[in-house]
Amino acid sequence: ANLPEITWDYKGLIFRFESRAHSNLHLLASYAISESKGSMAFNTGATGDFDFYPQHFVNRYGHLADHSRHRVKLNGYWLLPYDFSLAFDGWWQSEFRWSSYERTTPYGLEYVEPRGSGIGDSLHQVDLQLSKGYRVGPTRLVILGTVINATNSQTGDSICGSVTGCGDFEF
């Protein structure tokens, strides 16, 4: 069935900045302001979410799990003397949304509050890379050293929203 209750609304605006002000420095930055709302996330065809009225129709429309109002990304590289290079990649996003729900019989979820009304923390991460190139005949070899999550940020974005407990299951 083509159910009018199934909607997905995304609105966003992206600003992008790229610079090669110097031949050995490249910067790429972006900022996005957006809103992601809907009654179903991910896949609208392979689920029974709308099979049982009224359980699966309660509090269904709201902020989806991929909603984050602000996102900033910055990455680039700097070519150094003696065939060294330094690269970086960092991102930050504002608070993520989560939903409080209850399992229904025989399957599915009923949201006990408006979808996406729970607000989590902001998330961020910075990755760094140092490389050194070598010429071996006509071939160039590069040794890479990478630090993933250089700031050691703890960016958990999965919350158990079940009012009866989750055990090993998280949504």
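The values are calculated or read from the model by the stated rules, or taken from the named source; none is laboratory data. In this text the structure is predicted, and so the values were computed from the model without any measurement. Note that each Cβ is placed from the backbone with ideal geometry, even for glycine, and that neighbours are counted across all protein chains shown. Side chains are part of the model used for accessible areas, which takes the heavy atoms of the whole protein and leaves out ligands, DNA and RNA. Shrake-Rupley method; radii C 1.70, N 1.55, O 1.52, S 1.80 Å.
Using only alpha carbon pairs under 8 Å that are at least six residues apart, calculate the relative contact order of the stretch 1-139 and give it in whole percent.
Working: 303 pairs, mean separation 30.0, N = 139.
For the stretch 1-139, the relative contact order is 22 percent.
Where does the stretch 117-164 land on Rg/Rh, using Cα atoms and the Kirkwood Rh?
Working: Rg = 20.0 Å, Rh = 14.7 Å.
That ratio is 1.36, to two decimals.
With θ taken as phi - 60° and the coefficients 6.51, -1.76 and 1.60, list the Karplus ³J(HN,Hα) couplings across the stretch 97-114 in order, rounded to whole Hz; mark glycine and proline as x.
In residue order, the calculated couplings are 10, 9, 10, 8, 9, 9, 6, 10, 9, x, 7, x, 10, 10, 7, 8, 9, x Hz.
Using the Karplus curve 6.51 cos²θ - 1.76 cosθ + 1.60 with θ = phi - 60°, work out ³J(HN,Hα) for each residue of the stretch 144-149 in order, rounded to whole Hz, and write x for Gly and Pro.
10, x, 10, 10, 8, 6
Report the accessible area of residue 102, computed with a 1.4 Å probe over the heavy atoms of all protein chains in place, in Å² rounded to the nearest 10.
My reading of the accessible area for residue 102 is about 70 Å².
So which residue, out of 132, 37, 73, gets the largest mean-square fluctuation from a GNM of the chain using Cα contacts under 10 Å as springs?
Checking each option, the largest mean-square fluctuation is seen for 132.
The list (i) 1.11; (ii) 1.15; (iii) 1.29 gives values of Rg/Rh (Cα atoms, Kirkwood Rh), and only one came from this structure; which label was calculated from it?
Of the labelled values, this structure produces (ii).
For 164, 104, 146, 7, give me the order by solvent-accessible area with a 1.4 Å probe, most accessible first, ignoring ligands, DNA and RNA.
Numbers: 164 105, 104 20, 146 80, 7 45 Å².
Ranking 164, 104, 146, 7 by accessible area, largest first, yields 164, 146, 7, 104.
Between rounded, prolate and oblate, where does the stretch 84-161 land on the alpha carbon gyration tensor, with a ≥ b ≥ c its root eigenvalues, rounded for a/c under 1.5, else prolate if a/b exceeds b/c? Could the numbers behind the result be given before it?
Working: a/c = 5.54, a/b = 3.02, b/c = 1.84.
It is prolate, given that a/c is not under 1.5 and a/b is the larger ratio.
Per-residue accessible area for residue 70 at 1.4 Å probe radius, Å² rounded to 10?
60
Give me the extension gain from residue 160 to residue 88: residue separation times 0.36 nm, minus the current Cα-Cα distance, reported in nm with one decimal. Intermediate values should be presented prior to the final figure.
On the way: separation 72, 0.36 × 72 = 25.92 nm, distance 3.28 nm.
Extra length from residue 160 to residue 88 when fully extended: 22.6 nm.
Treating only the Cβ of Lys, Arg, Asp and Glu as charged (+1, +1, -1, -1), what charge dipole size does the chain show about its Cα centre? Round to the nearest 20 debye. Show your work: numbers first, answer last.
Values: 14 positive and 18 negative charges, 185 e Å.
The dipole of the chain has a size of about 880 debye.
Mind grabbing the accessible area of residue 3 for me, 1.4 Å probe, Å², rounded to tens?
Approximately 60 Å² for this residue.
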